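The values are calculated or read from the model by the stated rules, or taken from the named source; none is laboratory data. Bear in mind the structure is a predicted one, so any value in this text is a computation, not a measurement. Cβ sites come from the backbone with ideal geometry, for glycine too, and all protein chains shown count toward neighbours. The protein model used for the area step is the full one, side chains on, heavy atoms only, and it has no ligands, DNA or RNA in it. Shrake-Rupley method; radii C 1.70, N 1.55, O 1.52, S 1.80 Å.
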Amino acid sequence: MTDIIKLLIIEDDLIDQMAIDREFKNVQVPFEYTLVSSLAEATEVMEVETFNIILSDYNLGDGTGMELLEKQMDTPIILVTGMGETEIAVEAMKMGASDFVTKEKDGSHLKILPIAIERALKQKKAEQDLQSYQHNLEDLVKRRTEKLEKEIQARKETEWALEKAKTHLKEANSLLYSMTDTIPDLLWARDLDGKYIFTNKALRETMLGEVEPSAPMGKSFRYYIDKQQAEQPDNPDWFTFGLDSDGTDMETIKSNKACFFVATGSIRGNAFTFDVFKAPLRAEDGDLIGTVGSARDMTLQHEIENALEESEQRYRGLYEFSPSPLVLHDKATILAVNQAAAKFFHADAPDALVTIPLTDLVQAEYLSTIEQSIELWERGEFDQKPLLLKMKTLDGDIRDVETITNPVTYQKKEHWLTGVRDITESNRLIEVTESSLREKEALLEEINHRTKNNMQVMISMLNLQSQRLVEPGMKQIFEDTKARIYSMALVHDLLYKSQDLSAINLKLYIQDLTASLINTYRSKNHYVILDLDLIDYLISIDHAVPLGLVINEIISNSLKYAFPEKENGKIKISLKVENDILTLILADDGVGFDESQDSESRSSIGRLIINELIAYQIGGEISLDTTQGTCYTITIDQKDTIQK
């Protein structure tokens, strides 16, 4: 039948008591434990009851777990320390603690407690067995000596006694190795010259590459370092562990007490970290005969601790120092916020917002939006589109915000992290800008409308005046002036009808302008065919007016002079863009004219208008070809003048 392990637990935190109680109920080891909450209670209990092992929290209401160690009790003590209390744990081990366990926030250390207890009990049993062996050996030697002194003359009895002593010694050594070879920690003893006088199986297999217990005897650790390095002479990092082993032995001897070291290095090319304990080894008479040591492989634990610390520091820094307000929450309650969020919600500190319901920070009319989003979150249907809300600060200030929410894992549970962007000021500026823009658009519409009407009035006045003229030349001047005014009025008419008050569609403008000119000169040119090859392009008002005057002059001249005696003819206009250059071609297949002559029929004023407007107002180029009729080619850098 398995003996019941009696355990005394000293823990003053009620939550930790409950957690330990719950964990130990699930452990398949026959623990019988007593739970107390102070050193005083522990002292009273230990006066009337004996325990196999003590598990104590470091920080207690009436003292610390160190006080138990100071009493130098025979009972093994495991000390439970908090995160970041490594120095305390080291000191505790130096003072004789069997082990220490670091508390984890997620409670994972509770899983380790049964293992630590079992390991401490095994270690205690090994120590007791070793002590028993030492006592037995001392007693045996003493009895043998007494017997040898009494039977000095009896050679046979002496030889028999010696042989018997050797047999007992061998059995004792066998027992010692049997006990220590089951321990995963590395155990050893060395004499004052650094030569091994004892090694356990873990040390031989891990460090020395030996199988038999007798193999390391009389050899130093330096011998094994050289042996291992000789296996890979070209690889200096093959075996670097324990290069300072002799130095730490001397340090331990000089201190005359147990010492703790963290040893790192490579063993056959693999990096390791060990927690090492060394103590002076003394003979029965108290003479120093060497050192004894143990080492525990902490490689994985150190890697995990370093990775966790690095990860926590990295993400905590990103979270805490983010300039954007960040809110960690479940579906109803705030769990944590960063400094930027505390400032945004006018809180004195981030903790002031913890446990506040989300609905307390959202305007009532937006609560349904939040509820719908929460339903999507719970179904795992995350819409990454920002939510536009109105949120309240703690002092009642209403702010326009844009939020984006993403799922995160916090304390092993699925929660949500919401980023908040204050758009109150940008919304106000947008509203002011839109209001100003609406006013300006209305004003521009009114200006374009009035400008068009004023030009129509001018055209009407010219019509009335031209009816009183008799001379054909003067009437023609009036007709040309009306056409020029109409070309400008048409720009404002298109602007008035357009949503864009700064530009007009050049294709529509040319279509309307040429249709008007055909209608104006219908009596003279009713056989002319108009061929338009145009693309949709927007042109600014600054260039639409001068370009319209140019088109008016060229098409008017074609309609008036290119087809005398009512000949059939064609006028072709094309508009295209290639390599950011807009090309406008206006051509007729009429009789043409001599460009070198200042023909009265081809108005010199019209020619001047065409050249001046293209060259100076629009900044384009114009060329004339009269080999087959009349063809004007206008090129303009559309990056500065034309918008698609």
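Applying 0.36 nm per residue to the separation of M73 and Y366 and subtracting their alpha-carbon distance, the gain on full extension is 98.9 nm. Each of the peptides 400-409, 628-637 was scored by the mean count of other Cβ atoms within 10 Å over its residues; in descending order, highest first, they stand as 628-637, 400-409.
Accessible surface computed residue by residue for segment 18-89, with neighbouring protein chains in place and a 1.4 Å probe, gives 53 Å² per residue.
For q = 0.17, 0.24 Å⁻¹, what log10 I(q)/I(0) does segment 43-114 give under the Debye formula with an equal point scatterer on each alpha carbon and no solvent? Values, matching the q order: -0.63, -1.16. Ordering I78, I585 by accessible surface, largest first, gives I585, I78; the 1.4 Å probe counts only protein heavy atoms, with every chain in place.
Each residue was assigned an accessible area with a 1.4 Å probe, and for W238 the value is about 50 Å². Solvent-accessible surface of protein heavy atoms, probed at 1.4 angstrom with all chains present, puts I430, I117 in the order I430, I117, largest first. Between T299 and S108, what is the spin-label point distance in nm, taking each point 7 Å from the Cα along the Cα→C-beta axis? Here the modelled spin labels are 1.9 nm apart. Projection of the Cα convex hull of segment 226-271, averaged over all directions and equal to a quarter of that hull's surface, yields 3.5 nm². Could you point to the residue in A340, Y366, L353 farthest towards the positive end of segment 326-375's charge dipole, with +1 and -1 charges on the Cβ of Lys/Arg and Asp/Glu respectively? Final value for the positive-end residue is A340. Our summary of shape: the Cα atoms of segment 144-198 have principal axis extents of 48, 27, 14 Å, ordered from largest down, in whole angstrom.
Please give the contour-minus-distance gain from R144 to T633: 0.36 nm per residue of separation, less the Cα-Cα distance, rounded to one decimal in nm.
Full-extension gain reported as 163.0 nm.
For segment 123-280, a simple Cβ point-charge model (Lys and Arg +1, Asp and Glu -1, everything else neutral) yields a dipole of about 560 debye relative to the Cα centre.
Roughly to the nearest percent, how much of the accessible area of segment 4-66 is carbon and sulfur, given a 1.4 Å probe?
Carbon and sulfur: 50 percent of the exposed surface of segment 4-66.
Cβ-Cβ distance of N270 and I5, R₀ of 35 Å, FRET efficiency by 1/(1 + (r/R0)^6): the value works out to about 0.45. Using a simple spin-label model with pseudo-atoms 7 Å out from Cα toward Cβ, I404 and R155 lie 10.0 nm apart.
Placing a pseudo-label 7 Å from each Cα along the Cα-to-Cβ vector at D246 and S426 gives an inter-label distance of 7.0 nm.
Which links in K71/K122; K125/K164; K219/K278; K6/K142; K71/K125; K147/K254 stretch past 29 Å when you go from one Cα to the other? Where the Cα-Cα span goes over 29 Å, the pairs concerned are K6/K142; K147/K254. When the P(r) of segment 106-244 is calculated, the portion above 21 Å amounts to 60% of the C-alpha pairs.
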